[in-house]
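Undergrad: One structure, pasted below without further comment.
The values are calculated or read from the model by the stated rules, or taken from the named source; none is laboratory data. No experiment lies behind these values; they were computed from the predicted model shown. Counting neighbours? That spans all protein chains shown, and the Cβs are built from the backbone with ideal geometry, glycine included. Side chains are part of the model used for accessible areas, which takes the heavy atoms of the whole protein and leaves out ligands, DNA and RNA. Shrake-Rupley method; radii C 1.70, N 1.55, O 1.52, S 1.80 Å.
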Amino acid sequence: MTMERDTETVHEAYAFVCLHCGHGWEEEYEIRHTTDLSGHRRADYFARGTRVPSPLTLSDCPSCNLGPIRILRPGRVNSTRPYLA
């Protein structure tokens, strides 16, 4: 068991768009930045109360299971176009 020394919680929102199919979505995250007693820092991401991987590692679209995925500022989803290969 790792003892925690310091935790800071921030909220961030991201918009995503699949450049393959054009599907767009937004998600808000609670990010808990923790420093343990050894000085190691960790960031844990939560969406709707469930721990999730970092959105910066997202690689597949939940609609078409392809990609690539582009991360945008919140509110930008409607201004994108699908990627045409």
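Undergrad: Every residue in the stretch 9-39 that is at pLDDT 90 or above and open to solvent by 60 Å² or more (accessible area, probe 1.4 Å), please.
TA: Hits for the stretch 9-39 are THR9, HIS11, GLU12, HIS20, HIS23, GLU26, GLU28, ARG32.
Undergrad: When the stretch 40-58 is examined, which residues are found to be open to solvent by less than 90 Å² (accessible area, probe 1.4 Å) and among the hydrophobic types (A, V, I, L, M, F, W, C)? I'd like the intermediate steps shown before the answer.
TA: Just the residues of the stretch 40-58 that are open to solvent by less than 90 Å² (accessible area, probe 1.4 Å), to begin with: 43-47, 49-50, 52, 54-55, 58.
Passing the criteria: ALA43, PHE46, ALA47, VAL52, LEU58.
So that you can scan it fast, the table gives a plain yes or no per residue for (1) on the phi < 0 side of the Ramachandran plot; (2) in a strand (DSSP E or B); (3) touching a Leu at 6+ places or on another chain (Cβ under 8 Å):
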{"residue": "HIS11", "(1), (2), (3)": "yes, yes, no"}
{"residue": "ALA15", "(1), (2), (3)": "yes, yes, yes"}
{"residue": "CYS21", "(1), (2), (3)": "yes, no, yes"}
{"residue": "TRP25", "(1), (2), (3)": "yes, yes, no"}
{"residue": "ILE31", "(1), (2), (3)": "yes, yes, no"}
{"residue": "TYR45", "(1), (2), (3)": "yes, yes, no"}
{"residue": "LEU56", "(1), (2), (3)": "yes, no, no"}
{"residue": "ASP60", "(1), (2), (3)": "yes, no, yes"}
{"residue": "SER63", "(1), (2), (3)": "yes, no, no"}
